[in-house]
Each structure stands twice: as C-alpha cells, then as structure tokens.
1. Considering only the stretch 21-53, state which residues are assigned to a loop (DSSP other than H, G, I, E, B) and either in contact (Cβ under 8 Å) with a residue 24 or more places away in the chain or in contact with a Phe, Trp or Tyr (Cβ under 7 Å, 6 or more places away or on another chain) (or both).
2. When you check Glu65 against the structure, is it touching a Phe, Trp or Tyr at 6+ places or on another chain (Cβ under 9 Å) and at negative phi, yes or no?
3. Restricting to the stretch 30-79, count the residues that are surrounded by fewer than 15 Cβ atoms within 10 Å (Cβ to Cβ) and of a type in the set (Val, Ile, Thr).
4. If you check Tyr16 against the conditions, is it open to solvent by 100 Å² or more (accessible area, probe 1.4 Å) and either touching a strand residue (DSSP E or B) at 6+ places or on another chain (Cβ under 8 Å) or modelled with pLDDT of 95 or more (or both)?
Amino acid sequence: LIFSKADALFFVEVKYRSSDAFGSPREAITQNKISHMKQAAMHYIKCECLKYTPYVISFMGIKREGDALQFDFIENIFS
C-alpha cells in the first residue's frame with residue numbers, strides 16, 4: 001500500500017497468515033525483504049518525480065486467531 005499523510009509518503013507491506021504453518025506475518029519481513037521494499041519506494045519516488053520527499057516504510061501483519069484477527073503494526077521498520 002502507498003499513501004500520503006502530512007507531506008510524507010507511507011509504503012506499507014501487509015502480510016496475512018491464517019495459521020502459523022508458515023511462520024508469523026512478522027517473520028516474513030526479512031532483511032532481504034526490507035531491502036526490496038526500500039528499493040521499490042525509491043523507484044516509485046523517482047518515477048513520480050517526487051525528489052526529496054520524506055517517506056516511511058511500515059509493516060502491517062494480520063493473523064487469524066479463531067474467529068478474531070490480530071494486528072501487528074510497525075510504523076517505521078528502520079527504527
């Protein structure tokens with residue numbers, strides 16, 4: 001997801017898991033994945049001619065626990 005707020009761009013990686021069979025959503029965010037997310041953000045900013053635009057890369061993990069959903073949000077994965 002890409003959205004803007006207060007003159008900054010937010011790039012949000014969303015991972016959903018219906019079970020722990022393949023690990024938790026947070027476990028899917030590896031250093032390699034973070035690197036790819038940063039490259040994608042920089043490419044988007046360059047292609048849209050948005051020089052010097054502040055940006056944040058965030059993560060939203062969603063996991064099913066029975067009939068409920070659990071949310072795990074990290075606003076800035078670099079901090």
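The values are calculated or read from the model by the stated rules, or taken from the named source; none is laboratory data. Values in this document were obtained by computation on a predicted structure and should not be read as measured data. Cβ: placed from backbone, ideal geometry, glycine included. Neighbour counts: every protein chain shown. These accessible areas exclude ligands, DNA and RNA; they are computed on the full protein's heavy atoms, side chains included. Shrake-Rupley method; radii C 1.70, N 1.55, O 1.52, S 1.80 Å.
1. Within the stretch 21-53, Ser24, Pro25, Ile29, Leu50, Thr53 meet the criteria.
2. For Glu65, the condition - touching a Phe, Trp or Tyr at 6+ places or on another chain (Cβ under 9 Å) and at negative phi - is not met.
3. 2
4. yes
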